[in-house]
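Asker: Questions regarding the structure given below will be posed in turn.
The values are calculated or read from the model by the stated rules, or taken from the named source; none is laboratory data. Because the structure is a prediction, the values reported are computed rather than measured. Cβ atoms come from the backbone with ideal geometry, glycine included; neighbour counts cover every protein chain shown. What goes into the accessible areas is simple: the full protein's heavy atoms, side chains included, and nothing from ligands, DNA or RNA. Shrake-Rupley method; radii C 1.70, N 1.55, O 1.52, S 1.80 Å.
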Amino acid sequence: MADPLVIIGAGQAASQLMASLAQDGFQGEICLVGDEPHLPYQRPPLSKKFLAGELALDRLYVKPAAFYEKAGSRLLLGQRAQRIDRAGRAVILGDGSRLPYSTLVLATGSRPRELPLPGALYLRNIADVEALRARVALAKSLVVIGGGYIGLELAAVAVKLGVGVTVLEQAPRLMARGVGPVVSNFYARLHGEEGVTIRTGAMVRGLDGRRVVCEDAQYDADIVVVGAGAVPNVELAREAGLAVEDGIVVDAECRTDDASIFAIGDCTSQHHELAGRRLRLESVHNALEQARIAAAAICGKKPPAVQVPWFWSDQYDVKMQMAGLSAGHDQAVVRGNPDIGRSFAVFYLREGTLIAVDAVNRAPEFMMSKQLIAERARIDPSRLCNESVAMKDMRN
Amino acid sequence: MAKIVFEEPDGTKRAIDIANGQSIMEGAVRNGIVGIDADCGGACSCATCMVYVPDDWFDRLPAKDSSEQSMLEFCPHVQPNSRLSCQLQVTDALDGLRLKVPQSQQ
Ligand SMILES: Cc1cc2nc3c(=O)[nH]c(=O)nc-3n(C[C@H](O)[C@H](O)[C@H](O)COP(=O)(O)OP(=O)(O)OC[C@H]3O[C@@H](n4cnc5c(N)ncnc54)[C@H](O)[C@@H]3O)c2cc1C
Ligand code: FES
């Protein structure tokens, strides 16, 4: 019998890959290896409703266990893949056993970037949230190091639970990697209104017991959580001699430079047509899309059309939805008033073409922009900012 | 608990039981109903969990909120009887509900 298709990493990308393989008619055996003691689950609620205690654990799981075990497929949870033996076409597991593969898919995700702050907590998996929730219940004060979306979602949940929250961000503005300055300023105001203290330009020097030491100030905290971005889990690939460049280098079909090894999700670096360069995306949409593309390639099916990347973040009653890639824009156009209320959108254009949107409580702006970005539409900026032109009528 | 009948894109009809408090989308995804992609997992951000509701049921469902309404307006295959299944929480009152899944969510 042929060796199984082996997937390393049991996250959202892996789960979608198995669903798409089934849909595409894949007949072989599949073996899914994951180091967490959980079935694949959704991470977005970890810093949102699950953290807040509004969503039970079992609702995080994407599919029931039976889904991963049907039709000769095997699920190896709580097992870490240690090494890939490419010449022998096998994965070596933590207990030394060999798992032969016909095709291998790396879906190892990413992990929080660690800072040299002993005792600080991180927020990536279920175990992290369970530990954090127990501490938050007893805490009076929380310092979040890093003003990215995960840290800010955590801040929003904690302050609602009655904890005093300070966010320390070293950059001059919040979520600087993901959104434009108008949106950063809005989130600073939002969190201020909700009672969170935001300090930008804060250089954290160390953690002394329960005291966070910055260059020019100190903050006492019962809990310190770091949200300083993520690093891709590329070690297995690198040690196996696969090309790695920030993420595991894959082609348009999500194949690595070894034809029998694919990589999908947070761990990959792929050329993106909209960006005109290689990049690594950390989003549910990217994980699902790459899983669908890899499944089609494995089954010899026509690949699904590449979609515009998108992302969302929930903080308080504010849902931000982003589409496209704003890097390289030469114009930002604001629709609505970001200084009053909680609803506006910022459009990003390059040479007159819409390339991205950050929509704050503005589903129509988000949905319509997704279509326009895919069409590479040129839109008159004076129409974009004119609220009397409905989004539906935005095509020139 | 409610028994809900889905008509998949190829015409197959499947009845599944979904517990109260879960969304219809969650029940559909767990039971592998074909054609419910649900990419955002219920965050009302992907509009890939759309279903068609028969006329005799449409008015018996809880009303759409504004974000569901605006997401739906931009769904490629939207019809007047469309709903986002992640925004519909199951109650006993939905027992017997029939839903049609679109040919594609894209
Ligand atoms: C708190 C939080 C909030 C988020 N919110 C959003 C959001 O609102 N919207 C959005 O689009 N995205 C969000 N994301 C990002 C999104 O969750 C990720 O992009 C997505 O989970 C990536 O899926 P993946 O399968 O590539 O990786 P993962 O889900 O990380 O899965 C990889 C799995 O592989 C395992 N693994 C790694 N190495 C090995 C090994 N050697 N052997 C065995 N197993 C291994 C890991 O432990 C992990 O379980 C959020 C992420 C976090 C952490
Ligand atoms: S699951 Fe994304 S909108 Fe319903």
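Asker: Please compute the modelled spin-label separation between A:E273 and A:D3, points set 7 Å along Cα→Cβ, answer in nm with one decimal.
Answerer: 3.5
Asker: Here's a follow-up. Label-point separation (nm) for A:L57 and A:T200, each offset 7 Å from Cα along Cα-to-Cβ?
Answerer: 4.0
Asker: Could you go through the stretch B:90-106 in sequence order and give the Karplus-derived ³J(HN,Hα) for each residue, using 6.51 cos²θ - 1.76 cosθ + 1.60 with θ = phi - 60°, rounded to whole Hz, and x for Gly and Pro?
Answerer: 6, 9, 4, 4, 8, 4, x, 4, 10, 10, 10, 8, x, 4, 8, 9, 9
Asker: Something else about it: Would you kindly state the longest site-free stretch of chain A, with sites defined as GluC sites (Glu not before Pro) in a DSSP loop (not H, G, I, E, B) surrounded by at most 13 other Cβ atoms within 10 Å? Write down the numbers at each step before the final one.
Answerer: Working: sites that count: A:E54, A:E114, A:E215, A:E273, A:E351, A:E375, A:E387.
Result for the longest clean stretch: A:115-214.
Asker: Suppose every Lys and Arg Cβ carries +1 and every Asp and Glu Cβ carries -1, with no other charges. What dipole size does chain A come out with about its Cα centre, to the nearest 20 debye?
Answerer: Numbers: 45 positive and 45 negative charges, 82 e Å.
With only Lys, Arg, Asp and Glu charged at Cβ, the dipole is about 400 debye.
Asker: Once fully extended, how much extra length lies between B:D10 and B:R60, figured as 0.36 nm per residue of separation less the alpha-carbon to alpha-carbon distance? Kindly include the intermediate steps, with their values, before the conclusion.
Answerer: Values: separation 50, 0.36 × 50 = 18.00 nm, distance 2.66 nm.
Net length gain for the segment: 15.3 nm.
Asker: Continuing with this model, one more query. What FRET efficiency, computed as 1/(1 + (r/R0)^6) with R0 = 30 Å and r the Cβ-Cβ distance, is obtained for A:S260 and A:A374, rounded to the nearest 0.05? Walk me through the numbers on the way to the answer.
Answerer: Values: r = 32 Å, r/R0 = 1.08.
E between A:S260 and A:A374, to the nearest 0.05, is 0.40.
Asker: Given a Förster distance of 22 Å, report the FRET efficiency between A:A217 and A:A171 from their Cβ-Cβ distance, rounded to the nearest 0.05.
Answerer: Working: r = 17 Å, r/R0 = 0.76.
So, using R0 = 22 Å, E works out to roughly 0.85.
Asker: Give the average over all directions of the projected area of the C-alpha convex hull of the stretch B:32-89, one decimal, in nm².
Answerer: Working: hull surface 16.2 nm².
Orientation-averaged projected area of the Cα hull: 4.0 nm².
Asker: Order the following by accessible area, largest value first: A:D380, A:D222. Probe radius 1.4 Å; ligands, DNA and RNA are ignored.
Answerer: Of A:D380, A:D222, the descending order of accessible area is A:D380, A:D222.
Asker: Dipole size in debye (nearest 20) for the stretch B:2-100 around its Cα centre, Lys and Arg Cβ +1, Asp and Glu Cβ -1? Provide the component values of the computation, followed by the final result.
Answerer: Values: 9 positive and 15 negative charges, 29 e Å.
That gives a dipole near 140 debye.
Asker: Any chance you could list P(r) for the protein assembly as shown, counting all Cα-Cα pairs in 20 angstrom bins from zero, rounded to whole %?
Answerer: Reading the bins upward from 0: 22, 56, 22, 0.
Asker: Positive end of the dipole of chain B, charges at C-beta (+1 Lys, Arg; -1 Asp, Glu), about the Cα centre: which of B:C40, B:A63, B:M1 has its Cα farthest in that direction?
Answerer: B:M1
Asker: Still on this structure, I have one more. Taking a ≥ b ≥ c as the square roots of the eigenvalues of the Cα gyration tensor of chain B, is the shape rounded (a/c under 1.5), prolate (a/b larger than b/c) or oblate? The partial results should precede the final answer.
Answerer: Values: a/c = 1.32, a/b = 1.17, b/c = 1.13.
Rounded, because the longest to shortest axis ratio a/c is under 1.5.
Asker: How would B:V101, A:V213 line up by accessible area, probe 1.4 Å, largest first?
Answerer: Per-residue accessible area, sorted high to low, gives A:V213, B:V101.
Asker: With respect to the cross-link table entries A:K319/B:K100; A:K49/A:K392; A:K49/A:K160; A:K302/A:K392; A:K49/A:K319; A:K160/A:K319, which display a Cα-Cα separation exceeding 22 Å?
Answerer: Working: A:K319/B:K100 29 Å; A:K49/A:K392 32 Å; A:K49/A:K160 12 Å; A:K302/A:K392 31 Å; A:K49/A:K319 13 Å; A:K160/A:K319 16 Å.
Pairs exceeding 22 Å: A:K319/B:K100; A:K49/A:K392; A:K302/A:K392.
Asker: So, one more: Could you tell me the extents of the stretch A:317-393's C-alpha atoms along the three principal axes, largest first, rounded to whole Å?
Answerer: Principal extents (largest minus smallest coordinate, Cα): 32, 24, 20 Å.
Asker: Okay, next question. Determine the percent antiparallel among the DSSP beta bridges restricted to the stretch A:121-226, to the nearest 5. The partial results should precede the final answer.
Answerer: Values: 7 of 21 bridges.
Of the beta bridges lying entirely in the stretch A:121-226, close to 35 percent run antiparallel.
Asker: Continuing with the same structure: So for the pair A:H38, A:E193, with labels modelled 7 Å out along Cα→Cβ, what separation do we get in nm?
Answerer: Taking the two extended label points, one gets 3.2 nm.
Asker: Moving on. Tell me, in nm to one decimal, what length is gained between A:L161 and A:E239 on full extension, where the rule is 0.36 nm per residue of separation less the Cα-Cα distance? The partial results should precede the final answer.
Answerer: Working: separation 78, 0.36 × 78 = 28.08 nm, distance 4.42 nm.
So the chain would gain 23.7 nm between A:L161 and A:E239.
Asker: No solvent, one uniform scatterer per C-alpha: report log10 I(q)/I(0) for the stretch A:243-396 via the Debye equation at q = 0.13 1/Å, two decimals.
Answerer: -0.65
Asker: Return the long-range amide H neighbours of A:A230 (sequence gap of 5 or more, or a different chain), with a cut-off of under 5 Å between placed amide H atoms.
Answerer: A:R113
Asker: Okay, moving on. Hydropathy at least -0.5 by Kyte-Doolittle, axial extent at least 20 angstrom from the Cα trace: which helices of chain A, defined as entire DSSP H runs, fit?
Answerer: On the way: long enough: A:284-298 (21 Å, 0.64).
Span-like helices, by this rule, are A:284-298.
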